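Each value in this text was obtained by applying a stated rule to the coordinates, not by laboratory testing. Worth saying up front: this structure is predicted, and the values here are computed from it rather than measured. All Cβ positions, even for glycine, are placed from backbone atoms using ideal geometry, and neighbour counts span all protein chains on display.
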Amino acid sequence: MALVSATEMIKKAHEGHYAICAFNINNLEWTKSILTACEKAKAPVILEVSEGANKYMCGFKTVANMVKNIVEFLGITVPVALHLDHGTYEGAKAAIEAGYTSVMFDGSHYPFEENLQKSKEIIALAHSKGISVECEVGGIGGSEDGVTSAGEQADPNECKIIAELGVDFLAAGIGNIHGIYPANWKGLNLDLLKTIQEATNGKPLVLHGGTGIPYDMVRSAIERGVSKVNINTDLQLVFAAAEREYFEAGKDLDKAGKGFDPRKVLKPGCQAIEAKVEELLKAFGSYGKAA
């Protein structure tokens, strides 16, 4: 199946009160593991790539071609969107040009009027090519590609204005953060989320920082309009744990003297990713939705 815009899968999720999982990819192995799990689960999926990960993997075109070829090689039949995560104004344009099927323009660190104008331009450009767009209002706490936020809570009126531009789905800060949540975290502001959903006239909303939020709290957010949940740290943690166990057991040493074999070394981490992806697809309701 060819890569698709995320618009239709997000629309169905919003109407069905479940969420599409958006997993960050960092290399070929992670991409293959996520796609394998989603195909097994018959779940639509969004593969996300930050600008830092794009640079690490040698550019937007390399990533787009890699994902397209893996989808074809594995015979993936579920809908797959390739999405730029927290893109800059220039980065969003480059991703569109390179063949991404969805982009996020994160203008939340700009003054609102500048965020509004740049969002309007990216939406128009993307929609002219059939590409879905996510924008952001209010900061998501923590750091992402050098952009740090204390987690400013979104202004519902600003959300309304951005939604009226025709953005396909909207990220709004409601107390969520990237990375590990501190012990004194107060939780998601679900009342604010409900207000934003009403102010945007039912626009599909996005929950960044999905790792570490109790599943029942995420499901409450889904009932209030969240239709896309971003997950990155969860996969990093399970991959690292599986690899740590592998190396501590001394299994990185090839007894036959054939040297280092990345297929063997990375296998435990990739299997851990597949298991975590399946767990999350079930938890947030998209398991089986592409069947």
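Key figures for this structure:
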| item | result |
| --- | --- |
| For region 216-229, 3J(HN,Hα) per residue [Karplus equation, 6.51 cos²θ - 1.76 cosθ + 1.60, θ = phi - 60°, Hz, x = Gly/Pro] | 5, 5, 4, 5, 5, 5, 4, 5, 9, x, 6, 10, 9, 10 |
| Residue exposure sequence - Met66, Met1 - by fewest surrounding Cβ within 10 Å | Met1, Met66 |
| Rounded to 5, percent antiparallel among DSSP beta bridges of the chain | 10 |
| Phi-based couplings in Hz for region 273-279 (Karplus 6.51, -1.76, 1.60; Gly and Pro marked x) | 4, 4, 5, 5, 4, 4, 4 |
| Per-residue Cβ neighbour rank within 10 angstrom, fewest leading, Ile231, Ile122 | Ile231, Ile122 |
| Burial ordering of Trp30, Trp185, fewest other beta-carbon atoms within 10 Å first | Trp185, Trp30 |
| Label-to-label distance, nm, for residues given as Glu97 and Leu28 (7 Å Cα→Cβ offset) | 2.7 |
| Whole-angstrom gap from region 159-236 to region 82-102, using each part's C-alpha centre | 21 |
| Amide H within-cut-off set for Ile177, under 5 Å, with H built and near neighbours excluded | Gly141 |
| Those trypsin sites (Lys or Arg not before Pro) in region 160-239 that DSSP places in a loop and that have at most 10 other beta carbons within 10 Å | Lys186 |
| J(HN,Hα) series, region 33-46, from Karplus relation 6.51 cos²θ - 1.76 cosθ + 1.60, nearest Hz, glycine and proline x | 5, 5, 5, 4, 5, 5, 5, 4, 7, 6, 10, x, 8, 10 |
| Cα gyration tensor shape of the chain, rounded if a/c is under 1.5, else prolate or oblate by comparing a/b with b/c | prolate |
| Of Lys42/Lys228; Lys40/Lys194; Lys160/Lys282; Lys120/Lys289; Lys32/Lys289; Lys32/Lys120, pairs whose Cα-Cα distance is over 26 Å | Lys40/Lys194; Lys160/Lys282; Lys120/Lys289; Lys32/Lys120 |
| Dipole in debye (nearest 20) - the chain, about Cα centre, beta carbon charges: Lys, Arg +1; Asp, Glu -1 | 900 |
| Nearest-0.05 FRET efficiency for Cys58 and Tyr215, computed from C-beta distance (R0 41 Å) | 0.70 |
| With Cα atoms, 0 to 90° folded angle of helix 60-74 axis to the chain main axis | 60 |
| Choice from Asp168, Asp191, Asp155 with maximal GNM fluctuation in the chain (Cα, 10 Å cutoff) | Asp191 |
| Amide hydrogen neighbours beyond the local backbone of Asp168, cut-off 5 Å, H modeled | Val133 |
